[in-house]
Amino acid sequence: MFRFAIDPFSFFAGFIAASIFWWLISRARPMWNEIAAGMKEQREVAKARKTSTVEENHRRITLRRAQGMHLAASLFALDEILLEPLLIAPPQVVEPGTPPKFEDIVSQTLPYLPAWPEVAAVYHAQTITLPQALSGNTNIVIIGQPGIGKTVSLAHLASLAANRSEKLEGLKDAVPFLYHVADLKLPISDPKDPLAPLVNAAAEHAPLLDQPRLPALFQNVFKSGDALLLIDGYDEITPESQQIVTDYFKVIVQNYPKTRIVTTGAPEYLDGLIGLGFAPLAMMTWSDRENERFINQWSYLWSTTVAMEAWAQTGPEQVDPLLLNTWLSADNANLSPLELTLKTWGAYAGDSLGPHVLESIATHVRRIAPVNTPLAALETLAMQVTVNAQPVFDAHVARGWVKSFEVAEEKPEGESTDETVETPEETKPKKGKKVEKVTTPSSGLLGKMAASGLLVAYPNNKMRFTHPVFAGYLAGRALVNYNVEVDILNQPDWSGKYLAMRYFAAHGDASRLVQALLGFTRLPMHRPLFAAARWLRDAPRNAPWRGKLFGALAAILQTEGVPLNLRGQAMAAFVISSDPSAMTLFRQFATTTAFELVQLSVLGSGAMRDAKAVQVLERTVNAPSQAVRDAACMALVAIGTNEALEKVAHTLLSGDENIRRAAAEALANDPGEGYAMLRDGVTINDILLRRAVAYGLGRVNESWAIELLQKIQIEDDQWVVRNAATEVLESKTSAGSRAPRKLKAPSESPWLIEFAGKQGMGISPGVPATDILLLALKSEVSETRLAALPYLKYTPSEGVIAQIYDAMYKDEPELREAAYNILWELGTSGVKLPHPNQYGYG
């Protein structure tokens, strides 16, 4: 057995050394922690620096792309020519216990017509800006007819976000992600990576060194809730493609619920978006005032930039801009921003084919088409896009559509070119047939169209027309020669279909189409009828089908007991037609005893600036119905003759309290005599007059008007006048309160909880509470009935729709209009609405 002797000295020396070592370690631990934290911080700073660099590059690239997303991008940057896009303020959402928001006379008198903003523009209906619309907490779909400026609106939003504009307030640090639906490869291939389509789309424009870092940037931004996703082109695609995009939005919302999404839509079809909680907001078109501002801005930019170019100096002598502007301002009624841009461009470039809007479109198509390309080639391509319902088409397949013209363009110079167009049956690709592989879409005739600006090319050999109006115009011309318009009619609803039929009706006989659409049209929406009504403006005045359309529209306009929002669309259709017979009809209807018909007819006369209607309107100022009296004041100011304005001025000076306010607010629509009358009215010793003038000044969006209101608020010696000034000033500062907001969950809504408690019921979290909401819809309290409607659109069962119909046919105007708006939203989102007679109405 071995024994080990322990040296006491060595033992104690080792013990002391170990103790000192661990003491040093313990003392150094904070230092090590500090070093580790410092290294971690350095790594995070380095990562943030890299992300920040990538983000700044992304903002810069987005800004550059956004500034080129408008019709005249080859001439001016967007911000140089932009008129700030505006949205029609949506109807108020009623919440019991909350005071209603201020509404001017126009909002109270003019029906809400999101599909017909032209009438709202005449009367300067209340609007909100895009930043104000985003100040709510919901996703938005901007709706409007093609050419009204939806793409420009998204580009403007992207520019504001890219520049971190203070106008965006709470979203000024948001990172914009701006894409067209054609940029996105959908449906997603990997559900675990929902951002992949966006990353891949961004990579097409990003610097090479930034591309590997894009996924991290996108993940960080979307997770932090700073993403502003702007998707253009949703309004251009077919319902089948819309459903794919809607499904993608649903995935984004589920994975990144704080993401703000803004997309574009048509007023007639928003497949699935309403159910996802998107709020539809209608674009406001330009009024005469905005038209004049745009023409003047174009004139200035053209004279200071384009006219200085060498090619312009050596060309024909430039016409005096004052003469051009006078001619351009003469007849712009009911032109879209796109159409006015084309008209102005043609006048200043000197290449216009004529004064009609169709000639303005033809001029621009010729301007951006490849040199020496037969028009038949463009028409054939557009027709095939429409017949095949492929607004975003495969370049491989499209080569087959225009292959005969590829040969034609290669013929020796001087040889005749065959401009015949193949029929859709001959050129439509057969199912299952293999298409020969082509390297890129940048060669041949399609490549030339893309290079000239008529087409836009995308990855994966996808292409589209640069604007759906050009595709529709060309397709409509081509359809005149082929018996396929009825085949297009049978397609599911999409914008390309209706644009092609609209321009076909302008060039050919649309009698069969009109007859078919009139057979389809029915309550509650009459969508086919109103779609055809859009054709009246451009169609020949002697078209055999016009009388049938006018008859159907007149029947709706005269139908009592249906919502004004429906009848108002018929009125708007007459206005947009610009047909002189519509003026005569309005004058006749304005003399009837049906007050709602008189109200709409008076508004129609004003919107058409019918000077012959002044005497009729003067009599309606004294009608028993306040709505008719308000409409008469608005219409007289819109007509704007001396006689009309004198009548409104007399009413302002000597009418009763309510009509004085209507007169003052109507005069706010006239920057000349109207503004002068309001300025003078502030100083007159008449309490009711000054009170009315305060409300009128509230509708003037000028700094001098605000200064006058502030002076009245402090200095006027009558409290009733001071209160009026305070009310309108507060409404101006709270304009964003009209922004759409998400509804509170039923289990978190105070008014609904209180109502359920009175019924002896409870509301469970996560449950729609449909039964309680249906009871609320039948409540004796008006506020409760109105508050229940917005919730019910998310559970559109047959029983729910029946109850909404019941509300629409009640003799309660506010409930009737609110119910119709809910049905309109349901109809646009794809819900099949039965005829009201199924429930004993209509």
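Annotation: of all residues in region 522-557 being charged (D, E, K, R) and open to solvent by 40 Å² or more (accessible area, probe 1.4 Å), the one that is nearest to Phe504 (Cα to Cα) is Arg541. Scanning region 368-387 for residues that are touching a helix residue (DSSP H, G or I) at 6+ places or on another chain (Cβ under 8 Å), part of a loop (DSSP other than H, G, I, E, B) and among the polar types (S, T, N, Q) turns up just one, Thr373.
Filtered by the rule that a residue be more than 13 Å from Val637 (Cα to Cα), among the hydroxyl-bearing types (Ser, Thr, Tyr) and without any contact (Cβ under 8 Å) to a residue 60 or more places away in the chain, region 664-700 gives a lone residue, Thr683.
For the structure I just gave you, tell me whether Ala787 is at positive phi and among the aliphatic types (A, V, I, L, M). No; evaluated as a whole, the condition is false for this residue.
Matching residues to (1) modelled with pLDDT of 95 or more; (2) over 30 Å from Tyr123 (Cβ atoms):
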site	(1), (2)
Trp32	no, yes
Arg43	no, yes
Ala46	no, yes
Thr53	no, yes
Ala66	yes, yes
Phe76	yes, yes
Pro99	no, no
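Yes/no matrix, rows are residues, columns are (1) of a type in the set (A, V, I, L, M, F, W, C); (2) over 26 Å from the mean Cα position of the chain (by Cα); (3) surrounded by 17 or more Cβ atoms within 10 Å (Cβ to Cβ); (4) at pLDDT 95 or above:
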| position | (1), (2), (3), (4) |
| --- | --- |
| Leu229 | yes, no, yes, yes |
| Glu236 | no, no, yes, yes |
| Thr246 | no, no, yes, yes |
| Tyr256 | no, no, yes, yes |
| Thr264 | no, no, yes, yes |
| Glu268 | no, no, yes, no |
| Pro280 | no, no, yes, yes |
| Thr285 | no, no, yes, yes |
| Asn325 | no, yes, yes, no |
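Restricting region 143-192 to residues that are part of a strand (DSSP E or B) and not aromatic (Phe, Trp, Tyr) leaves a set whose member that is nearest to the chain's Cα centre (by Cα) is Ile143. Cβ-Cβ contacts under 7 Å between residues 6 or more apart (or on different chains), taken from a first residue in region 731-744 that is closer than 14 Å to Leu281 by Cβ to a second residue that is part of a loop (DSSP other than H, G, I, E, B) and open to solvent by 30 Å² or more (accessible area, probe 1.4 Å), are listed as Gly736/Ser135; Arg738/Lys101; Ala739/Ser135; Arg741/Asn137.
Residues in region 597-613 that are part of a loop (DSSP other than H, G, I, E, B), open to solvent by 10 Å² or more (accessible area, probe 1.4 Å) and charged (D, E, K, R): Arg609 alone. I'd like to know if region 647-667 contains one or more residues that are surrounded by fewer than 22 Cβ atoms within 10 Å (Cβ to Cβ), at pLDDT 95 or above and within 32 Å of the chain's Cα centre (by Cα). Scanning region 647-667, I find no residue that is surrounded by fewer than 22 Cβ atoms within 10 Å (Cβ to Cβ), at pLDDT 95 or above and within 32 Å of the chain's Cα centre (by Cα), so the answer is no.
Within region 107-129, the set of residues being more than 13 Å from the chain's Cα centre (by Cα) and closer than 11 Å to Ser287 by Cβ comprises Glu118, Val119, Ala120, Ala121, Val122, Tyr123, His124, Ala125. For the condition under 28 Å from Asn821 (Cα atoms) and open to solvent by less than 20 Å² (accessible area, probe 1.4 Å), Ala787 qualifies.
Pairs are defined by a Cβ separation below 6 Å, a sequence spacing of at least 6 or placement on different chains, a first member in region 705-726 that is within 14 Å of Ala692 (Cα to Cα) and open to solvent by 70 Å² or more (accessible area, probe 1.4 Å), and a second member that is acidic (Asp, Glu) and not in a helix (DSSP H, G or I); the pairs so defined are Arg722/Asp716.
Only residues that are within 21 Å of Leu564 (Cα to Cα) and either among the polar types (S, T, N, Q) or touching an Asp or Glu at 6+ places or on another chain (Cβ under 8 Å) (or both) were counted across region 123-143, and they come to 3.
The values are calculated or read from the model by the stated rules, or taken from the named source; none is laboratory data. Keep in mind it's a predicted model, so treat the numbers as computed, not measured. Note that each Cβ is placed from the backbone with ideal geometry, even for glycine, and that neighbours are counted across all protein chains shown. Keep in mind that these areas ignore ligands, DNA and RNA; they rest on the heavy atoms of the full protein, side chains included. Shrake-Rupley method; radii C 1.70, N 1.55, O 1.52, S 1.80 Å.
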